[in-house]
Amino acid sequence: MTTTTTDGARATRGPAVREAIVDAAAALFAEHGIRAVSADRILGEAGFSKVTFYRHFPSKDDVVVAYLQRELAYVRELVARASGAALTVDQIAVALTDEMCRPHFRGCPFINAAAEYPEAGHPVRAVVSEFRVLMTGAIEAWLREAGLDADAAASAATQVMMLRDGALVAGYLDQDPDRVAEGLAGAIRAIVGPRP
């Protein structure tokens, strides 16, 4: 993605340039993993100089954080759209495994990032934690709407989140999102009992 100014010259500042760098990084991270991709490779893909890159991102880790924050914004949008909806177990299983249908799926970006950044205090891990709190909270809200009391919903939400993690890994390994979503729905039913 090339950003140009009104006179046709290529822009090197501004949000569009920052997004172009994150776009290039996201594609490379999805295909090769985070640690396997250097800042130079991101620069080559994005087509910007080192000066432009470092003007927007002091380090590669800052690009990783921006990438994960963008993924988190996508998840927040999905959660907001589903909020308050009377979802069935099958619908929630599909929603939790929807990422497997995205192009170039290589596993959950948050699980992958956590595996590549094991230091608990790292900024990457902070975004991963934010994602997990968001998802567990959304699952808990859905379970409460489905009729579970607060304590049962909180406990079940943690278990469903673990199932979701496993389902995404299975989806990456097996490449069969429909079967994985069906298996996840069955596992959720085993935890929460029969629900619509």
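Taken together, the values in this text are just the output of simple stated rules run on the coordinates, not laboratory data. Predicted, not measured: the structure shown is a model, and the values here were computed from it. We place every Cβ from the backbone using ideal geometry, glycine too, and count neighbours over all the protein chains shown.
Here is how the numbers come out for the structure above:
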{"item": "Selected from Gly193, Leu87, Phe105, residue furthest toward positive end of dipole (the chain; charges at beta carbon)", "result": "Phe105"}
{"item": "Chain lengthening between Gln159 and Ala27 when straightened (0.36 nm per residue, less Cα-Cα)", "result": "44.4 nm"}
{"item": "FRET E, pair Gln175, Ala115, Förster distance 35 Å, beta-carbon r, rounded to 0.05", "result": "0.95"}
{"item": "Given (1) 61, 32, 32; (2) 107, 36, 25; (3) 62, 39, 33, the label whose value is Cα extents along the principal axes in Å derived from this model", "result": "(1)"}
{"item": "Largest-first principal axis extents, alpha carbons of region 124-193, Å", "result": "35, 34, 14"}
{"item": "Test item: Cα-centred dipole of the chain, Lys/Arg +1 and Asp/Glu -1 on Cβ, debye", "result": "480"}
{"item": "Whole-Hz couplings from phi, Karplus 6.51/-1.76/1.60, listed for region 168-184; x for Gly and Pro", "result": "5, 5, 4, x, 5, 6, 8, 6, 9, x, 5, 5, 5, 4, 5, x, 5"}
{"item": "Proxy reagent accessibility, fewest Cβ within 10 Å first, across Val64, Val75", "result": "Val75, Val64"}
{"item": "J(HN,Hα) series, region 130-140, from Karplus relation 6.51 cos²θ - 1.76 cosθ + 1.60, nearest Hz, glycine and proline x", "result": "4, 4, 5, 5, 4, 5, 4, x, 5, 5, 4"}
{"item": "Inter-label distance, nm, simple model (7 Å from Cα along the C-beta direction), Asp151/Val133", "result": "2.5"}
{"item": "Label-zone membership for region 146-181, site Ala85, 7 angstrom Cα→C-beta point, backbone N under 17 Å", "result": "146, 181"}
{"item": "Computed lengthening from Gln69 to Arg106, 0.36 nm per intervening residue step minus Cα-Cα distance", "result": "11.5 nm"}
